[in-house]
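Structure record follows, encoded as C-alpha cells.
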Amino acid sequence: MKRIISILCLAVICLAAFAGCSANTNANLQNVLEEINSKYDTAGLEKITDVNDLNTYYQIKADDVKQFAAEISSSSDSPVEIVMVEANDATAAQNVTTQLTNRYNSIYSQYASYSPDQLDMVKACKVTTDGNFVSLIVSKDSAGMLDIYYNAIGVNK
C-alpha cells in the first residue's frame, strides 16, 4: 500500500512540475511578426527594432527583455499596435505585463473619448501573459494575429 501511495505522489509531483511549462521557449518573435505581416494587412506600421525604444513607447526596461518584436501605427486614425515580448524571468514578465496593460488602458481611454467607432475593436483586444511571453495586439485582426502568436509560443487557447 505504501508503494502505491508513493507512486501516486510521485505522479502528482511530476504533473505539477509540467503544468507550469506552457510556453515554447524556442519561439522566435521576429518570425512570428513576419508571419502576421504575411497574412494580414500591416502596411504603414513602423517596426520597432531597438530594444531601448520599448522604453520610449511603453516604459519597458531593456533589462527585462530577452527578445521582442513590435510594430506600431503612426496614424491616430486607427489604433494598431503589435507588441510581443519574451521577458527574462517571471518578475520581468510581470513588469512588461504592467506596462503593456497601462498602454492598453491608455488606448482604450483615448478611443472611448474621441473615436467610439473604433472602441469596439479596442475592446476585443487584450494583453496576454503566458509564462515569460507577454503580448499586446491591438488591431481589427487581433484574434487571428493572436492565434499565430499562441501557435508559435505553444499555447492552446
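Using the C-alpha atoms of the stretch 78-157, what convex hull volume per residue, in cubic angstrom, is computed?
That works out to 71 Å³ per residue.
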| task | State log₁₀ I(q)/I(0) for the stretch 25-153 at q = 0.13, 0.18, 0.20, 0.21 Å⁻¹ as given by the Debye formula over alpha-carbon point scatterers of equal weight, solvent excluded. | result | -0.47, -0.94, -1.17, -1.29
| remark: Footprinting proxy, ILE60, ILE36: sorted fewest to most Cβ within 10 Å, the residues are ILE36, ILE60
| request: Enumerate the amide H contacts of GLN67 below 5 Å, restricted to partners 5 or more residues apart or on another chain; note that Pro and chain-start residues carry no placed amide H. | output: GLU86
| In Hz, Karplus ³J(HN,Hα) per residue of the stretch 131-139 (6.51, -1.76, 1.60; θ = phi - 60°; x = Gly, Pro) | x, 8, 9, 10, 9, 9, 10, 10, 6
| In whole angstrom, how far apart do the alpha carbon centroids of the stretch 48-93 and the stretch 107-157 sit? | 14
| note | Summed over the other residues with a beta carbon less than 9 angstrom from that of ALA87, with K and R at +1 and D and E at -1, the charge totals -2
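The numbers here are math on the coordinates, done by the rules we state, and not lab data. The structure presented is a predicted model; accordingly, all values stated were derived computationally and were not measured. In this analysis, Cβ positions are derived from the backbone assuming ideal geometry, glycine residues included, and neighbour counts consider all displayed protein chains.
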